[in-house]
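Taking it in order: structure first as structure tokens, then the write-up.
Every number here is computed from the coordinates shown, using simple stated rules; none is lab data. Everything numeric in this text was worked out from a predicted model, so none of it was measured. Quick reminder, even Gly has a Cβ in these numbers, built from the backbone with ideal geometry, and neighbours come from all protein chains shown.
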Amino acid sequence: MVRSNQSWIICLSAALFFFYAVFQMSFFNTICHELLTSFAITPVQLGVLSSLYFYSDALFLFPAGILLDKFSTRTLLLSFMALSTISMFLFAHTHSIAIVALCRIIWGIGNAFAFLGCLRLVAVWFPPKRNAFVMGLLVTIGMSGGIVAQAPFSLLVTRTSWQQAVMVFTIIGLIMWLIMYFNLKDKKENTHHPKETLHILLKEVFSRKQSWLCGIYAGCLNLPILVLGALWGSFYLQQSHHISAVSASFIVTFLFLGLIIGAPIMGHFSDKILSRRKPMITGALLALIVVFCIFLTSTTASPLLLAALFFLLGFSSSAQVLSYPAVAESNPDRITATALSIVAIIINVMAALMQPLFALLMKHQITTTNSLIYLNNQHALLILPLAFFLSLMVAIAIYDTQCTSKATFEP
């Protein structure tokens, strides 16, 4: 019982960093108007600036996976959590686009270690048959950062300023770092020092088709969060449905809420039926149905209906969390984090490409009052059904590990 409690405390403490990283990914969505005004940039430029988070995340995920497999997970997580917190302080006090870009890059690097660090700790502290549920729960905690970055952060901004609101979360980051410092531990018996060269390790990791298929699946089902939740959701709803900024951020909150409720449910269901593939197929199919319902929704639809649809979109797309145990179960312990980095790299590359593309597809025009009106919103949203259809095809091709121990087959 003591060992079980320790496992939970360690993994939940690491999840605080993931929560913070997801908040940093998402809060640009809430203050996009303020950022456009404060730094005198265009929406496409903001999309590119926001995408730096995902480019840096994608670039550092593979090195992060190798480092987490070889060195102290505790030391790495504490170091990058500190760096992420310091950069929030810098962002709150800067007037320079270059500094904003640097902070965005640092947050992306931090997310690489936060995300893979959580999955690595689950893989070594919990048995395979509990991996999906625990990983789903940690994703729930992480995605809660996206919820906090929507309506709650929006209300804080309206009562203070965006700079003061960021400073509040700088202090919160410091508190989280202290909690991590006193609770994180490494499992020494699972610390590996592979004898093989980097070339051999890379060859083994890259040769497993299962990792690539799971990465594509997770990347496609993550697009609602990474495109609508992280940046364009509020903006899209304000332009296409003519609702207020607070109402729009409230609706986007339900996207994250659907994901955080769905992730542990999907994980528990997958563990119970001893299958990863079947729930993954079901999730992709449901996501495809829901996004078509959003397409058919009138521009005069009530915020309540939109919130319900966004919740269902988040819930169905939560099946993407099953990609992580599917990869972890098909790789030996010594390369778990490195293999999982492939999934995360694909997710972030897709997000980095889709955020600016979504803005370009909206095709904005400037009115005589210098305000922006966006056309072709539905054209931009076509990204989602195309991605969900691809995820469905990929899920059908994925090998079902059936919650077995690692490296029992060669996918």
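Computed values, structure above
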item	result
Kirkwood hydrodynamic radius of segment 40-154, from inverse mean 1/r over distinct Cα pairs, in Å	15.6
Protection proxy ranking, peptides 73-80, 51-58, 284-291, average beta carbon neighbours within 10 Å, highest first	51-58, 284-291, 73-80
Ordering of 334-344, 81-91 by burial proxy (mean other Cβ atoms within 10 Å per residue, highest first)	334-344, 81-91
Given charges at beta-carbon only (K, R positive; D, E negative), |dipole| of the chain in Debye	620
Karplus-derived HN-Hα couplings along segment 78-83 (A = 6.51, B = -1.76, C = 1.60, θ = phi - 60°), whole Hz, x at Gly and Pro	5, 5, 7, 5, 4, 5
Difference of contour (0.36 nm per residue) and Cα-Cα distance, Phe295 to Lys187	34.0 nm
Relative contact order of the chain, pairs being alpha-carbon contacts under 8 Å that are 6 or more residues apart, as %	27
FRET E, pair Ser79, Leu390, Förster distance 56 Å, beta-carbon r, rounded to 0.05	0.95
30 Å tail of the calculated P(r), the chain, as % of Cα pairs	37
Links that overshoot a 31 Å alpha carbon limit, given the list Lys187/Lys209; Lys203/Lys272; Lys70/Lys278; Lys129/Lys203	Lys203/Lys272; Lys70/Lys278
Gained length - Lys278 relative to Ser207, 0.36 nm times residue gap less alpha-carbon distance	23.2 nm
Expected 222 nm ellipticity per residue - DSSP helices of 4 or more, -39500 (n - 2.57), all of the chain, to 500	-25500 deg cm²/dmol
Efficiency of FRET from Cβ geometry, Ser96 and Leu155, R₀ 22 Å, rounded to 0.05	0.20
Under the Karplus curve 6.51 cos²θ - 1.76 cosθ + 1.60, θ = phi - 60°, whole-Hz ³J(HN,Hα) for segment 29-38, x wherever Gly or Pro sits	4, 6, 10, 4, 4, 4, 5, 4, 6, 4
Label point at Gln163 placed 7 Å out along Cα→Cβ; residues across segment 14-56 whose backbone nitrogen lies under 16 Å	34-40
Contact order relative to length of segment 1-130, as percent, for alpha carbon pairs under 8 angstrom and 6 or more apart	41
